[in-house]
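Here the structure is laid out as structure tokens; the discussion comes afterwards.
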Amino acid sequence: MQQSSPGTRVGPQEADADGSTRQRILEATAEVLGRNGTAKLSLSEVAQQAGVSRPTLYRYFADKRELLDVFVVWERQYYEKAIAEATANLPPDQRLDAALQVIVEQQLSYPGLRMVDVEPDEVIKRMAEVLPLVRERLGRFCSGPDAELSAATAVRVAISQYLVRSDDNDDFLAQLRHAARVKHHAPASHDESGDG
């Protein structure tokens with residue numbers, strides 16, 4: 001479901017029936033923020049990255065402030081949608097692991113996350129705001145007597161991995177599983193099953 005902010009010039013239904021132009025602009029914003037941060041965000045660069053003209057961008061967002069305000073909401077919804085899709089129709093005991101896999105995938109591939117290299121102060125401020133939301137969302141999938149602690153620990157590991165890049169990306173999911181106390185049984189490899 002598309003949400004529009006009060007200042008949005010054109011509703012998605014009016015100018016872009018499927019929301020694809022608005023979506024492209026927001027995805028382009030993530031790319032440009034990852035390169036330049038908020039202070040140096042250029043609407044011209046966002047428009048170019050999205051493959052639209054500046055007048056088209058202004059039909060959706062009146063100015064840089066409005067674009068950033070809508071982007072923050074979109075980014076949170078993007079994460080929420082990814083978690084919801086990954087956990088839909090799974091048994092309860094598999095939902096936490098699916099959510100952790102989304103966190104890993106997003107951190108290793110989402111372009112907006114590179115912003116930490118450009119504007120660490122802004123990112124740390126934003127992390128402080130979203131930490132409770134992410135912890136609460138992940139906590140829905142945790143169980144047992146220490147469910148809240150498991151969720152909080154996994155979120156702290158995820159934030160640490162995001163803020164301080166290291167050589168252990170391959171272990172990131174295993175670290176999250178350990179922090180959240182997920183008992184994950186990997187499928188047998190060819191060597192273990194006797195096929196290879």
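The values are calculated or read from the model by the stated rules, or taken from the named source; none is laboratory data. Computed from a prediction, not measured in an experiment: that's the story for all the values here. All Cβ positions, even for glycine, are placed from backbone atoms using ideal geometry, and neighbour counts span all protein chains on display.
Brief remarks on what is shown
- Of the numbered criteria (1) surrounded by 18 or more Cβ atoms within 10 Å (Cβ to Cβ); (2) at pLDDT 85 or above; (3) hydrophobic (A, V, I, L, M, F, W, C), the one LEU133 fails is (1).
- Condition check for TYR110: out of contact with any Gly (no Cβ under 7 Å at 6 or more places or on another chain) and modelled with pLDDT of 85 or more: no
- Test result for ARG65, of a type outside the set (Asp, Glu) and crowded, with 18+ Cβ neighbours inside 10 Å: no
- A search for C-beta distances below 9 Å between a residue of the stretch 102-126 that is more than 14 Å from ARG165 (Cα to Cα) and of a type in the set (Asp, Glu) and any residue that is part of a helix (DSSP H, G or I) and modelled with pLDDT of 85 or more, counting only pairs 6+ apart in sequence or on different chains, returns GLU105/ALA82; GLU105/ALA86; GLU119/LEU33; GLU119/ASN36.
- From the list GLU80, GLU66, the one residue that fits, being closer than 21 Å to SER143 by Cβ, in contact (Cβ under 8 Å) with a residue 24 or more places away in the chain, out of contact with any His (no Cβ under 8 Å at 6 or more places or on another chain) and in a helix (DSSP H, G or I), is GLU80.
- Looking across the stretch 74-103 at every residue that is of a type in the set (Ser, Thr, Tyr) and over 17 Å from LYS183 (Cα atoms), the one that is farthest from the chain's Cα centre (by Cα) is identified as TYR78.
- Evaluation of SER20 against (1) under 22 Å from ARG114 (Cβ atoms); (2) at pLDDT 90 or above (one fails), failing number: (1)
- Within the stretch 72-90, restricting attention to residues that are surrounded by fewer than 18 Cβ atoms within 10 Å (Cβ to Cβ) and among the charged types (D, E, K, R), the residue that is farthest from MET115 (Cα to Cα) is GLU85.
- VAL104 vs. criteria touching a Lys or Arg at 6+ places or on another chain (Cβ under 7 Å), in a helix (DSSP H, G or I) and not basic (Lys, Arg): no
- Complete set of residues in the stretch 36-55 that are assigned to a helix (DSSP H, G or I) and surrounded by 18 or more Cβ atoms within 10 Å (Cβ to Cβ): VAL46, ALA47, GLN49, ALA50
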